[in-house]
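K.L.:
Below is a structure I'd like to ask you about.
The values are calculated or read from the model by the stated rules, or taken from the named source; none is laboratory data. Since this is a predicted model, take the numbers as computed values, not measurements. For neighbour counting, all protein chains shown are included, and Cβ atoms are generated from backbone atoms with ideal geometry for every residue, glycine included. Each accessible area value is taken on the protein alone, full model and side chains, heavy atoms only, with ligands, DNA and RNA left out. Shrake-Rupley method; radii C 1.70, N 1.55, O 1.52, S 1.80 Å.
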Amino acid sequence: MEMVKLTIDGLELEVPKGTTVLEAARRVGINIPSLCYLKDVNCSSSCRVCVVEVGPRLIASCTLAAENGMNIKTNTPKVREARRTVVELLLSNHKRECTTCSRSENCELQSISRELNIRDIRFEGEKIKADVDDSSTSVVRDQEKCILCGRCIGACGNIQTVHAIDFAKRGFNTIVSPAYQKPLSESVCINCGQCIIACPVGALTEKESISDVWKALNDPNKYVVVQTAPAVRVALGEEFGLPIGSRVTGRMVTALRKLGFNNVFDTDFAADLTIMEEGTELLKRLNNGGTLPLMTSCCPGWVKFVEHNYPNMLDNLSTCKSPHEMEGAVIKSYFAKKIGVDPNNIVVVSIMPCVAKKFENQREELSNENLQDVDIVLTTRELGQMIKEAGIDFVNLKNEEFDNPLGESTGAAVIFGATGGVAEAALRTVFELTAGKELDTIDYTVARGLDGIKEARIELPNGVVVNTAIAHGLGNARKLMDMIANGEKDLQFIEVMACPGGCVNGGGQPIVNSKMKEEIDIKAERAKSIYDEDKELPIRKSHKNPYIKQIYDEFLGEPNGHLSHELLHTHYVKRNRY
Ligand code: FES
């Protein structure tokens, strides 16, 4: 590897050619502030907060490649004054609602202002005026807080290849907007929320539903049931200052009971149910010449992406509802009957790492007898907020267990939270069901890791070959879909998660600032905790979950049977491409 030698603040260092000055400085603990730069997502050099002195010039360090003999100064009066001016200019056109902004204390503009000791803003003038766009079920846009850093555009365009938003207009009037400045709800946005976790300020937030949950909890006529997705348990702790990826399953259950939910269930139960339904669907399609490759349907961002971009492949999507929708459907049927409560009085709340679930739960197809399967979706962040609001000392809570029968789950279910998890869980069951006997293999490590597209040739015990591909991040999914469309791939099974890394890095997860993201791979840390939980669970295959057997015996009949189709399966719609 070719190396270059440079000096930063008198310190001589050697870095690989191609390293930027910003990266080089941070590697040796020199803190250059940055705003528009977000590793792997956006490097547009637009904010100029990261300027450094190179000879007589001030240059943005995030796009400045280190070169032999460079002498960089990062902390001179000229540099500090330039940075201060840039930040004051940003603040002069920023809706400064810091006390009530949801990103207060987790806002990169706020922390840089503090670091630079900005107390007064010398510039007064016109401010951009724009209505808040809350047309979307999932994402709220407040242009008056936008600092035009472009990180959201990088996440939506470079990573996800969705291109729902981009810069529009010119000069002072520049804004970030969907095409033709239409509301977000009329765009091709797939609601993944990657723009939200890329945004350094409060310009992009989830559509908040906390007050709806408090209202339900305070209504004596409502029976309020909560369920939590697998990825929530490995991220919620971050809202309370715990290290990235801390596993807080038991404390989360305790906190939910303290908030007043009548039952605390685990979406993982329905992930096991999904494996039974989707695994059976895969085997049927393989054996009966059905449409292949079968594509997973757990991720509502991915489903909407297919509806917009690949409408001729809707039949490839599994007809299975996503796990939390399945859980909602059985809560309002099987469980309602068990406890003798009218399903009309049951409120199902899903805690999800995802903002696309806020769109999904409102899809009219995801209902039964005019009742939506799930009534309210909260993100991990919103749950953290509720716990804080209730004054619960989360960190010091004791561990409690989920309620049953819809809270029991297996290791196969918990790994749904990471890329490759659904495929691995399906293989654990499909292999064994095909073999007709118990097999020792549990860990299909070929499905794990953070390669953008993972592929494996799997031969089932009956000799049937299942060529499997796993993609995470829609840019990777698009590559895979285009290869299939061009006839370059012969696949039978595909798992896609819209968010890079899968649900562990969903748009509803705690927001980690850009510097921390450079130091820690949050996707890997959270995924590691998920796999640790899998390893520790006594049952690790979905079809071995005793409560799954029970629900089929007592209620559903058989996987893909008549009642399952009615309650647990769905269909999709074609959507506009632009
Ligand atoms: Fe470097 Fe914005 S110009 S962080």
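K.L.:
Could you give the accessible area per residue of the chain, probe 1.4 Å, as a whole number in Å²?
P.N.:
Values: 23530 Å² over 578 residues.
Using a 1.4 Å probe on heavy atoms only, each residue of the chain averages 41 Å².
K.L.:
Could you tell me the relative contact order of the range 347-455? Use alpha-carbon pairs under 8 Å, at least six residues apart, and round to a whole percent. Before the final figure, lay out each step's value.
P.N.:
Details: 85 pairs, mean separation 18.9, N = 109.
Relative contact order of the range 347-455: 17 percent.
K.L.:
Continuing with this model, one more query. Mind checking which of Pro538, Val4, Cys36 is farthest towards the positive end of the chain's charge dipole, using Cβ charges of +1 (Lys, Arg) and -1 (Asp, Glu) about the Cα centre?
P.N.:
The residue sitting farthest along the positive end of the dipole is Val4.
K.L.:
Highest mean first, how do 449-455, 268-274 rank when packing is the count of other Cβ atoms within 10 Å averaged over residues?
P.N.:
Numbers: 449-455: 15.9, 268-274: 30.7.
Per-residue Cβ counts within 10 Å, averaged per peptide and sorted highest first, yield 268-274, 449-455.
K.L.:
Let me ask something else about it. If R0 is 51 Å, what FRET efficiency do you get for Val464 and Met516 from their C-beta distance, rounded to 0.05? Don't jump to the answer; show the numbers that get you there.
P.N.:
Numbers: r = 45 Å, r/R0 = 0.89.
In this case the efficiency is close to 0.65.
K.L.:
Which value, in Å to one decimal place, does the Kirkwood hydrodynamic radius take for the chain when every pair of different Cα atoms is included? Please report the intermediate quantities before stating the final value.
P.N.:
Values: mean 1/r = 0.0401 Å⁻¹.
That comes to 25.0 Å for the chain.
K.L.:
Convex hull volume of the Cα atoms in the range 128-276, per residue, in Å³?
P.N.:
Values: hull volume 24.7 nm³, N = 149.
So the per-residue Cα hull volume is 166 Å³.
K.L.:
Under unit Cβ charges (Lys, Arg +1; Asp, Glu -1), what dipole magnitude, rounded to 20 debye, does the range 465-578 have relative to its Cα centre?
P.N.:
Working: 16 positive and 16 negative charges, 83 e Å.
Magnitude of the dipole: close to 400 debye.
K.L.:
Compute, for the range 55-200, the length of the dipole vector about the Cα centre, with Cβ point charges of +1 (Lys, Arg) and -1 (Asp, Glu) only. Units Debye, rounded to 20. Let's see the in-between values first.
P.N.:
Values: 20 positive and 17 negative charges, 109 e Å.
The dipole magnitude comes to about 520 debye.
K.L.:
Moving to a separate point now. Can you find, among Asn173, Asn158, Ile190, the residue sitting farthest towards the positive end of the charge dipole of the range 142-195, where Lys and Arg contribute +1 and Asp and Glu -1 at Cβ?
P.N.:
The Cα lying farthest towards the positive end belongs to Asn173.
K.L.:
Let me ask another. Can you classify the range 154-208 as rounded, prolate or oblate using the Cα gyration tensor, where a ≥ b ≥ c are the square roots of its eigenvalues, rounded means a/c under 1.5, and otherwise it's prolate if a/b beats b/c and oblate if not?
P.N.:
Numbers: a/c = 1.43, a/b = 1.26, b/c = 1.14.
Judged from the Cα gyration tensor, the range 154-208 comes out rounded (a/c under 1.5).
K.L.:
So for each of 179-190, 3-14, 498-509 I average, over its residues, the number of other beta carbons within 10 Å; can you give me the resulting order with the highest mean first? Walk me through the intermediate numbers first.
P.N.:
Details: 179-190: 17.5, 3-14: 14.4, 498-509: 29.7.
Result, highest mean first: 498-509, 179-190, 3-14.
K.L.:
When we measure straight from the Cα of Lys5, which lysines land under 25 angstrom away, once same-chain ones fewer than 8 places off are left out?
P.N.:
Of all the lysines, those that pass the test against Lys5 - Cα under 25 Å, at least 8 places apart if same chain - are Lys17, Lys39, Lys73, Lys78, Lys515.
K.L.:
FRET efficiency for Lys5 and Arg114, Cβ-Cβ distance as r, R0 = 35 Å, nearest 0.05?
P.N.:
0.55
K.L.:
Which lysines have a Cα lying under 21 Å from the Cα of Lys182, excluding residues fewer than 8 positions away in the same chain?
P.N.:
Filter leaves Lys129, Lys145, Lys169, Lys207, Lys304, Lys358, Lys574.
K.L.:
Across the range 393-410, in residue order, what do the Karplus-derived ³J(HN,Hα) couplings come to in whole Hz, using 6.51 cos²θ - 1.76 cosθ + 1.60 with θ = phi - 60° and x for Gly and Pro?
P.N.:
After applying 6.51 cos²θ - 1.76 cosθ + 1.60, I find 7, 4, 4, 9, 6, 7, 7, 10, 9, 4, 6, 10, x, 9, x, 8, 8, 10 Hz.
K.L.:
Moving on. Rounded to the nearest percent, how much of the accessible area of the chain (1.4 Å probe, protein heavy atoms only) is carbon and sulfur? Please list the in-between numbers first.
P.N.:
On the way: 11060 of 23530 Å².
Roughly 47 percent of what the probe reaches on the chain is carbon or sulfur.
K.L.:
Suppose R0 equals 25 Å; then what is the FRET efficiency for Lys337 and Asn218 from their Cβ-Cβ distance, rounded to the nearest 0.05?
P.N.:
On the way: r = 26 Å, r/R0 = 1.04.
The computed FRET efficiency comes out at 0.45.
K.L.:
Only four residue types carry charge here, +1 at the Cβ of Lys and Arg and -1 at the Cβ of Asp and Glu. Report the dipole size of the chain about the Cα centre in Debye, rounded to the nearest 20.
P.N.:
Using only the charged Cβ atoms, the result is roughly 1760 debye.
K.L.:
Let me ask another. So if the hydrodynamic radius of the range 35-150 is defined as the Kirkwood radius over C-alpha pairs, what does Stokes-Einstein give as its diffusion coefficient at 10 °C and 1.306 mPa s, in µm² per second?
P.N.:
Numbers: Rh = 16.0 Å.
Taking Rh from Cα pairs, D becomes 99 µm²/s.
K.L.:
Would you work out the relative contact order for the range 94-214, in percent, from Cα pairs under 8 angstrom that are 6 or more residues apart?
P.N.:
Numbers: 161 pairs, mean separation 37.3, N = 121.
Computed value for the range 94-214: 31 percent relative contact order.
K.L.:
For the chain, give me the percentage of DSSP beta bridges that are antiparallel, rounded to the nearest 5 percent. All intermediate terms of the calculation are to be shown ahead of the outcome.
P.N.:
Numbers: 31 of 56 bridges.
Close to 55 percent.
K.L.:
Which of the lysines could be linked to Lys437 by a straight reach, that is with a Cα gap under 29 Å, when you skip same-chain ones fewer than 8 residues away?
P.N.:
Hits, sequence-local ones excluded: Lys284, Lys321, Lys454, Lys535, Lys541, Lys544, Lys549.
K.L.:
Quickly rank 559-571, 68-80, 324-336 as a protection proxy: mean count of other C-beta atoms within 10 Å, highest first. List each step's numbers first, then the result.
P.N.:
Details: 559-571: 17.2, 68-80: 14.4, 324-336: 25.6.
Ranking the peptides 559-571, 68-80, 324-336 by packing returns 324-336, 559-571, 68-80.
K.L.:
Next up: 7 Å from Cα along Cα→Cβ at both Val28 and Ala524: what's the point-to-point distance in nm?
P.N.:
2.5 nm
K.L.:
May I ask for the Rg/Rh ratio of the range 487-540, computed from Cα atoms with Rh as the Kirkwood radius, given to two decimals?
P.N.:
Numbers: Rg = 15.1 Å, Rh = 13.6 Å.
Rg/Rh: 1.11.
K.L.:
Moving to a separate point now. Take the Cα of Met483, step 7 Å along the line toward its Cβ, and report every residue of the range 270-297 whose backbone nitrogen sits under 15 Å from that point.
P.N.:
Only 293 pass the distance filter.
K.L.:
Determine ³J(HN,Hα), in whole Hz, for all residues of the range 271-286 in sequence, where each value follows from phi through the Karplus function 6.51 cos²θ - 1.76 cosθ + 1.60 and θ = phi - 60°; x replaces Gly and Pro.
P.N.:
3J(HN,Hα) across the range 271-286, in whole Hz: 5, 4, 5, 4, 4, 4, 6, 6, x, 5, 4, 5, 4, 5, 5, 5.
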